[in-house]
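Presented below is the structure to which this report refers.
The values are calculated or read from the model by the stated rules, or taken from the named source; none is laboratory data. The model shown is predicted, which means the values in this text are computed figures rather than measured ones. Cβ sites come from the backbone with ideal geometry, for glycine too, and all protein chains shown count toward neighbours.
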Amino acid sequence: MDAWIIYLVIICISVVLWLFTFISIWRMKRYATILFDLLPFYPIIVVIGYIAIITCSILWLDNLSWILPLIFGMFLTVLMLYLSVRWINGYRLKVYADFLDRLNDDKYSVKVLSDYFVQKTIDPDKINVFIRHDVDLFLRRFSKLINIEKEKGIKSSIMIRLHSEKYSFEKAIPLIKQLSTEGYEIGYHYEVLAQTKGNKEKAIQLFAEELAELREIVPITVIAAHGDKYKNREIRPLINLKELNIYSAYDIKSDMYLSDSGGYDFIRRFGHHLFEELEKAKKGDVVQILIHADWWL
Ligand SMILES: [Zn+2]
């Protein structure tokens, strides 16, 4: 095989690696965790992409004409390294653990969602924090996150899917039963419109069936829609929540709603970490914090 074909293949592979990293960082694409679980390796991928391109340039190009790709490549590499490390750093489990330590301060009162809807225990002298987890893809990552909450003595509300692409609901049953007995709140992360491919009548019926199925395992008081191209939340106004004795997490009147949806780079969005936003909350405020464990490493 001609040498130039090998160079071409190496260059193509490195360009793909670079583009993958670049688009992930820029568009904050969820495939970064869904397909490859690669987030911690982004800096390494960027460097491999760089070395491959430079090696090919030196071997392939004449004289000193490889200097230009070398300089340009170095610039891009440093930029992507900086952005990827900054992005990943925001999602370290250590950051979450430190945040929970902060929440253990006397000025906060951390509760589960049914405290808001059923017990109505809003403390006017404290910042009322409700942590919600949408368990979308990885039970493994969720378990790590929830273990930190157990360590810190923090209780949260956990929205569980019945049709995740990555975990089986049946396998999650022992965990959710245990969490429920430990004082965590389990909620229904519904996706009935996606399940019925947009058929609203069927979706309403399926909602009641799945809710009943979940209630045979643990008490369910709260629901939240799973984000999908079928926009599952659109079914909510058509469902008689009162009749089903259920509340939607979206009906909380929050003074502040902090979310990591999409796994965006916090610094790029706020200029500081998401959790720093909480500093703006006042006594008596209701703050809902949505965390997707899939992003946390
Ligand atoms: Zn979801």
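Give the range 197-213 a look and list any residue that's away from the ligand (no atom under 15 Å from the Cβ), over 21 Å from residue 116 (Cα atoms) and either in contact (Cβ under 8 Å) with a residue 24 or more places away in the chain or not charged (D, E, K, R) (or both), or say none.
Result: 197, 198, 199, 200, 203, 204, 205, 206, 207, 208, 212, 213.
Within the range 269-297, restricting attention to residues that are within 21 Å of residue 85 (Cβ to Cβ) and without any contact (Cβ under 8 Å) to a residue 24 or more places away in the chain, the residue that is nearest to the ligand (Cβ to nearest atom) is 269. For residue 235, the conditions (1) more than 14 Å from the ligand (Cβ to nearest atom); (2) at pLDDT 95 or above; (3) not basic (Lys, Arg) all hold with the exception of (2). So, residue 194, is that one assigned by TED's automatic domain parsing to the domain that holds residue 157, under 17 Å from residue 134 (Cα atoms), within 16 Å of the ligand (Cβ to nearest atom) and modelled with pLDDT of 95 or more or not? No, not satisfied.
Residues checked against (1) in the same structural domain as residue 291 (by TED's automatic domain parsing); (2) within 30 Å of residue 41 (Cβ to Cβ); (3) touching a helix residue (DSSP H, G or I) at 6+ places or on another chain (Cβ under 7 Å):
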{"residue": "82", "(1), (2), (3)": "no, yes, no"}
{"residue": "104", "(1), (2), (3)": "yes, no, yes"}
{"residue": "108", "(1), (2), (3)": "yes, no, no"}
{"residue": "112", "(1), (2), (3)": "yes, no, no"}
{"residue": "124", "(1), (2), (3)": "yes, no, no"}
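Restricting the range 147-162 to residues that are in contact (Cβ under 8 Å) with a residue 24 or more places away in the chain and away from the ligand (no atom under 16 Å from the Cβ), the residue that is nearest to residue 101 (Cα to Cα) is 152. For the range 108-145, a residue qualifies if it is within 16 Å of the ligand (Cβ to nearest atom) and within 16 Å of residue 186 (Cβ to Cβ), and the qualifying residues are 113, 131, 132, 133, 134, 135, 136, 139, 142, 145.
Mind checking which residues of the range 257-268 are within 14 Å of the ligand (Cβ to nearest atom) and either not in a loop (DSSP other than H, G, I, E, B) or not assigned by TED's automatic domain parsing to the domain that holds residue 282 (or both)? Selection gives 259, 261, 262, 263. What residue, of 78, 85, 118, is closer than 30 Å to residue 58 by Cβ, in contact (Cβ under 8 Å) with a residue 40 or more places away in the chain, loosely packed, with under 14 Cβ neighbours inside 10 Å and out of contact with any strand residue (DSSP E or B) (no Cβ under 7 Å at 6 or more places or on another chain)? Every option except 85 fails the conditions.
Can you spot a residue in the range 148-165 that is among the basic types (Lys, Arg), surrounded by fewer than 16 Cβ atoms within 10 Å (Cβ to Cβ) and more than 19 Å from the chain's Cα centre (by Cα)? Taking every residue of the range 148-165 in turn, at least one turns out to be among the basic types (Lys, Arg), surrounded by fewer than 16 Cβ atoms within 10 Å (Cβ to Cβ) and more than 19 Å from the chain's Cα centre (by Cα). The residue list 64, 38 contains one member that is at pLDDT below 75 and more than 24 Å from residue 140 (Cα to Cα), which is 64. Can you name every residue in the range 169-191 that is more than 16 Å from the ligand (Cβ to nearest atom) and closer than 17 Å to residue 140 by Cβ? If the condition is that a residue be more than 16 Å from the ligand (Cβ to nearest atom) and closer than 17 Å to residue 140 by Cβ, then 170, 171, 173, 174, 175, 178, 179 are the ones that fit. Scanning the range 10-26 for residues that are closer than 21 Å to residue 66 by Cα and either touching a Phe, Trp or Tyr at 6+ places or on another chain (Cβ under 7 Å) or exposed (fewer than 13 other Cβ atoms within 10 Å of the Cβ) (or both) gives 12, 16, 19.
Candidates are the residues of the range 214-228 that are at pLDDT below 95 and surrounded by fewer than 21 Cβ atoms within 10 Å (Cβ to Cβ); the one that is nearest to the ligand (Cβ to nearest atom) is 227. Note on the range 174-213: residues that are within 23 Å of the chain's Cα centre (by Cα) and surrounded by 14 or more Cβ atoms within 10 Å (Cβ to Cβ) amount to 16. Scanning the range 76-92 for residues that are among the basic types (Lys, Arg) and within 13 Å of residue 260 (Cβ to Cβ) yields one hit, 92.
Residue count for the range 250-269 under the criterion of being within 20 Å of residue 295 (Cβ to Cβ) and out of contact with any strand residue (DSSP E or B) (no Cβ under 8 Å at 6 or more places or on another chain): the result is 8.
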